[in-house]
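Contents: one structure, followed by commentary.
The values are calculated or read from the model by the stated rules, or taken from the named source; none is laboratory data. Values in this document were obtained by computation on a predicted structure and should not be read as measured data. So basically every Cβ, Gly included, is an ideal-geometry build from the backbone, and we count neighbours across all protein chains shown. What goes into the accessible areas is simple: the full protein's heavy atoms, side chains included, and nothing from ligands, DNA or RNA. Shrake-Rupley method; radii C 1.70, N 1.55, O 1.52, S 1.80 Å.
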Amino acid sequence: MDKEQEFLSEQEIEELRREIDALVANADLRGKIAQEGAQGDGTEDFLDSLDPLSMTDNGSYVRVDPDHMQAFIFLTPPDEEKGNYTKEELLDFLLQKGVTTGYHQSNLAAIVKKRIYQREILAACGKRVIPSEDGHYEYMVSPEQYRAPEVRPDGSVDYASMNTLENVKEGDVVAVYHHGKVGQDGYDIYGNTIPAGNAKELPQLKGKVVRSPENPDIYLAAKDGKIEIKNGHVDIQTVHEINGDVTLITGRIECVGDVMIHGSVESGVVIRAGRNIEIRGAAEAVSLEAGGDVILCHGIQGANKAKIMAQGNVFADFIEQTNVEAGGSIQANVIMNANISSDGQVILTGRKGAIIGGYTHAKDGIKATEVGNTAEVRTVLHAGCTKDFYRQTQVYKKKNTELSRQVKDMSEELVNLRKKSKDSELLLKKLRMLEAQYRPMKAELEEVRAKFQEMEKIIAQTRESEIVISGNVYRGTLISFGVMQIPIERSTCFMKYYPLGGMIESSVIVYS
């Protein structure tokens, strides 16, 4: 006998398990009916009439959908001496298979009456759950910080279509709250309840909004200005708006809120904003400082004199001969001969997506379509932490080690003095002086240690940074990570560079 024939197949084992489960279920049902029959309610005759159908005897079966929401019964014609099945027999057969709820009474009656055999008929159906709906806000203004730029048909990106500033008037509807709706529980054919869950409500909006006296679910703007919604807080700031060009005659512009200029900005102009700066026209050799984002819809030609400093992101059609520092990411169509530094990513979008010349640094990585040009102009790309950051980390590491040693020595000396100072006024005085020195030193150690740990965490995170170039990489380009660098000696394309094991590795981008 073959080894395979010594055991039941998986299908035979599964069928055996089902039959055992059915026998257990039927035994429970018989016990319940027998108990009721003992009370004299006339169920004994019904108990005697139960003659369960057997799948192994005549091929009848019950099929249940994977989600346990529907059961289908398939019957083989009974023997001639049997006559016809009864509805009670069908119900008992379903019970054997664990189907306890949602019987399709009309279908079962039709099977018996019309003698429907050798085809699957819906015998039971569960009740679909109607899930509860959480409360939500319907915003009448965009809750996003800025609208995404439009992609032109030629593949370039139109940054003029962006706008960080959405203005409202006092009394304008900001949001409408829709309360949660409680759903309805469902159940499957096995009698298991499918809970609808609870409807969660959101907290009230806070900030520069008031609730309508007619309907407290309607929120109105409390003042005129530029609106921004973050994490359930509404902020409305005064906007310094200029409908025209800004020249040296206009002079210096300073605003605690947002600055929006609908024209161009001439060389020599200085603009400082506590929040965002948006220039709808072109920008020349200007100085821009923003506590938030900077958007240059038509780019900037800086003549190696322009400077942009933003605590947030920088968006521009192009950046040419400009120094840019951003606490967030920098996104543009083209960067040419510029000095770029980003604590986030540098992303070149659009059909060109080119970085040509200059130095581009991004802590979290760089993505571009092309880097360098056929003239082999020197183009430096750097990702991860800078050399200065590594040097600063080493300074904090050394300081942390020295302070740890000093604090430990001082702590041991304090312990000894506390034991001896009880019998000496001189030692007690020395103890107090030492304690006065110990407290600020320990506080300094905790501060230095926290800073050192934060810097180490940043270094660990930047090890995942990559430089991805989805087009040409021309000779003359220098790829660098941290203190490592490799020159591109021969033009190539479709490359990804990343640090690994103290070296810079590269791989070809594969497009599916």
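List of remarks:
- Among (1) among the aliphatic types (A, V, I, L, M); (2) at pLDDT 90 or above; (3) over 29 Å from the mean Cα position of the chain (by Cα) - the single one I194 does not satisfy: (3)
- With respect to the stated conditions, D258 fails to be free of Cβ contacts under 8 Å to residues at least 60 places away in the same chain and within 28 Å of L202 (Cβ to Cβ).
- Residue list for segment 137-154, filter: modelled with pLDDT of 90 or more and loosely packed, with under 15 Cβ neighbours inside 10 Å: E138
- The conditions of being open to solvent by 90 Å² or more (accessible area, probe 1.4 Å), under 30 Å from M309 (Cβ atoms), among the basic types (K, R) and part of a strand (DSSP E or B) are not met by K397.
- Subset of segment 186-218 [surrounded by 15 or more Cβ atoms within 10 Å (Cβ to Cβ) and part of a loop (DSSP other than H, G, I, E, B)]: D188, I189, Y190, A196, A199, L205, K208, D217
- Residue that is farthest from R475 (Cα to Cα), among those in segment 356-366 that are open to solvent by 30 Å² or more (accessible area, probe 1.4 Å) and modelled with pLDDT of 95 or more: Y359
- So T369, is it over 30 Å from Q237 (Cα atoms), touching a Pro at 6+ places or on another chain (Cβ under 9 Å) and not charged (D, E, K, R): no
- Considering segment 303-321, and only residues there that are of a type in the set (D, E, K, R) and within 34 Å of the chain's Cα centre (by Cα), the residue that is surrounded by the fewest Cβ atoms within 10 Å (Cβ to Cβ) turns out to be K307.
- Matching entry among K420, K352, K457, K367 (being out of contact with any helix residue (DSSP H, G or I) (no Cβ under 6 Å at 6 or more places or on another chain) and free of Cβ contacts under 8 Å to residues at least 12 places away in the same chain): K457
- When G281 is tested against (1) surrounded by 19 or more Cβ atoms within 10 Å (Cβ to Cβ); (2) within 18 Å of G263 (Cα to Cα), exactly one condition is not met: (1).
- Among residues of segment 97-117 that are closer than 17 Å to M69 by Cα and β-branched (V, I, T), those with a Cβ under 9 angstrom from a residue that is modelled with pLDDT under 90 and not in a loop (DSSP other than H, G, I, E, B), sequence gap 6+ or separate chain, pair up as T100/A25.
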